[in-house]
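The structure appears below as C-alpha cells.
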Amino acid sequence: MRHRTLASSPALWASIPCPRSELRLDLVLASGQSFRWREHSPAHWSGVLGSRVWTLTQTDERLYCTVYPEKEGRGGRPTPEDLKAIREYFRLDVSLARLYSHWGSVDPHFQKVAQKFQGVRLLRQDPTECLFSFICSSNNNIARITGMVERLCQSLGPQLIQLDDVAYHGFPSLQALAGKSLTVFSAWAGFEPRSSDLNLLSS
C-alpha cells in the first residue's frame, strides 16, 4: 500500500472546517510536541494517532484526513468518530483567534511575532507517549528525539501497517516497557543515562 494524497484518492478523505489561522500542520507537527509525524508528500503529513495510521493535509479553509485500515486493504473514508478524534487531538474546540487576540493585547512582542506564526496550538497527546517522549528530550534536538522514539516503537510497539517502504508501529504499552533494563533501552533506542527513568515510570 502507498501513502495517499488528496489528489490521488479523494474519495478516501474527509474534511472539517479549519482555517490555517486556527491550525498550521507544518508548524505544529514539526514543532517538537509529537515525534511521530513525517511529511512524505508535499504538505501531506503521515503518522500514528490512537494506534492507527493517518495522513493529513489542509487548504486555506479546511483540514483533510485519511486513515488507513489496520490490516492490508483499501478501507473507507474517515467516519464521524475519526473526525472527532482529529478534532480532539488538535483541540479544535479552543479558538486560537480569541487567545491570540487576548495575548496580543497584553504583550506587544507577542502581537508582533504572532503575525508570522498563525495556527500554532498544543496537541492533546496520549499521556504515556508524551511522557516517555519527554524523557528522551534531555539535551537532544528534534531530529535525534524523533529517531529515539521511532526506534523505541520499532523495537517494542506493534506493527500497524506498511506504506511504501515505511513500516508504522504503535507506541509501546506500559506492559511492554516495564522491566526493560537501561542496557536494553540504550541498545534499542540510544537513550542517554536519563533513560533509567523509563524503567521506574513503566513499573
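The values are calculated or read from the model by the stated rules, or taken from the named source; none is laboratory data. Keep in mind that what you see is a predicted model, and the values were worked out from it rather than measured. Glycine also receives a Cβ, built like all others from the backbone with ideal geometry; neighbour counts cover every protein chain displayed. Just the protein is used for accessible areas: all its heavy atoms, side chains included, with ligands, DNA and RNA removed. Shrake-Rupley method; radii C 1.70, N 1.55, O 1.52, S 1.80 Å.
Could you list, in sequence order, all residues of the stretch 19-67 that are among the aromatic types (Phe, Trp, Tyr) and open to solvent by 20 Å² or more (accessible area, probe 1.4 Å)? Spell out the reasoning first.
Going residue by residue through the stretch 19-67, those that are among the aromatic types (Phe, Trp, Tyr) are 35, 37, 45, 54, 64.
Matches in the stretch 19-67: Trp45, Tyr64.
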The stretch 110-129, subset over 22 Å from Arg87 (Cβ atoms) and among the polar types (S, T, N, Q), residue surrounded by the fewest Cβ atoms within 10 Å (Cβ to Cβ): Gln115
Tabulated pairs, the stretch 96-110, first closer than 15 Å to Leu122 by Cα, second among the small types (Gly, Ala, Ser), C-beta under 9 angstrom, 6+ apart or interchain: Leu96/Ser21; Leu96/Gly119; Ala97/Ser21; Tyr100/Ser21; Tyr100/Ala114
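When you scan the stretch 77-88, do you find a residue that is open to solvent by less than 60 Å² (accessible area, probe 1.4 Å), under 23 Å from the mean Cα position of the chain (by Cα), in contact (Cβ under 8 Å) with a residue 24 or more places away in the chain and under 19 Å from Pro19 (Cβ atoms), even just one? If you could, list the steps in order and put the result at the bottom.
To start, the set of residues in the stretch 77-88 that are open to solvent by less than 60 Å² (accessible area, probe 1.4 Å) comprises 78, 82-83, 85-86.
Narrowing the set further to residues that are under 23 Å from the mean Cα position of the chain (by Cα) leaves 78, 82-83, 85-86.
Those left that are additionally in contact (Cβ under 8 Å) with a residue 24 or more places away in the chain: 78, 82-83, 85-86.
Restricting the remaining residues to those that are under 19 Å from Pro19 (Cβ atoms) gives 83, 86.
There is at least one residue in the stretch 77-88 that is open to solvent by less than 60 Å² (accessible area, probe 1.4 Å), under 23 Å from the mean Cα position of the chain (by Cα), in contact (Cβ under 8 Å) with a residue 24 or more places away in the chain and under 19 Å from Pro19 (Cβ atoms).
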Of the criteria (1) open to solvent by 30 Å² or more (accessible area, probe 1.4 Å); (2) of a type in the set (Val, Ile, Thr); (3) more than 26 Å from Pro158 (Cβ to Cβ), which one Ile16 fails: (1)
